1. Among what's in segment 151-180 and is open to solvent by 70 Å² or more (accessible area, probe 1.4 Å), of a type in the set (K, R) and modelled with pLDDT of 50 or more, pick the residue that is nearest to E98 (Cα to Cα).
2. Scan segment 55-76 for residues that are under 11 Å from L97 (Cβ atoms) and either of a type in the set (D, E) or in contact with a Pro (Cβ under 9 Å, 6 or more places away or on another chain) (or both) and jot them down.
3. Which of the residues belonging to segment 27-68 are farther than 20 Å from P91 by Cα, open to solvent by 60 Å² or more (accessible area, probe 1.4 Å) and either part of a helix (DSSP H, G or I) or touching a helix residue (DSSP H, G or I) at 6+ places or on another chain (Cβ under 6 Å) (or both)?
4. Please enumerate the residues belonging to segment 92-116 that are touching a residue at least 40 places away in the same chain (Cβ under 8 Å) and among the β-branched types (V, I, T).
Amino acid sequence: MVYSTQESQQKAVLVHVEFYDFNKINSPLNAVNEFKELSLSSGASIVANVTGKLDRPNSSLFLRKGKAEEVRDLVKELCAELVIINHELSPSQERNLETFFGARVLDRTGLILDIFATRASSHVGKLQVELAQSEYLLPRLAGQWSHLERLGGGIGTRGPGETQIETDRRLVRDKIKRVKAGMKKIENTRT
């Protein structure tokens, strides 16, 4: 599963958070402009910019509750489909924010991978991007199938079986092995 915002221009809300211990050598204005240009490069249609300051990220939502509510209200008001955050999020933070906002959430790493995916033209480049996206996706699979987690209690529903999350993880791991094998084959051919 490869994510790309390029399929159609998605309405996006950008969230840039500056930390109080921000390195003063890098201007916050430059960081915001760079983030905006990255988002535009991915094909997103920016409908709102939200900035804020934090001393440290919240463990569950990355943002403080008030800032998260502000972003959620903007998402609903502007019918945005995507929220792009200018920091790396943990898989649980990303999941929690998607649930809270009711929109897809993309962190900086996901955004950069998306840009690479749209720009890769050589076979090797496409394989490298596919590998990076698969490795990025693997820890983020947890919780995506929570609606299927209940075990059945009726006739024919007991016993060992593979849950959907286990199936997806196996498929992604198989894909990673397949891509690495393809890259190894290309490397051997080149040498």
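1. R169
2. Correct list: L63 only.
3. L29, N30, N33, E34, K36, E37, L40
4. Within segment 92-116, I112, I115 meet the criteria.
The values are calculated or read from the model by the stated rules, or taken from the named source; none is laboratory data. Just so you know, these numbers come straight off a predicted model, no measurement behind them. Please note: Cβ atoms are built from the backbone with ideal geometry, for glycine as well, and neighbour counts cover all protein chains shown. SASA here: full protein model, heavy atoms, side chains in, ligands and nucleic acids out. Shrake-Rupley method; radii C 1.70, N 1.55, O 1.52, S 1.80 Å.
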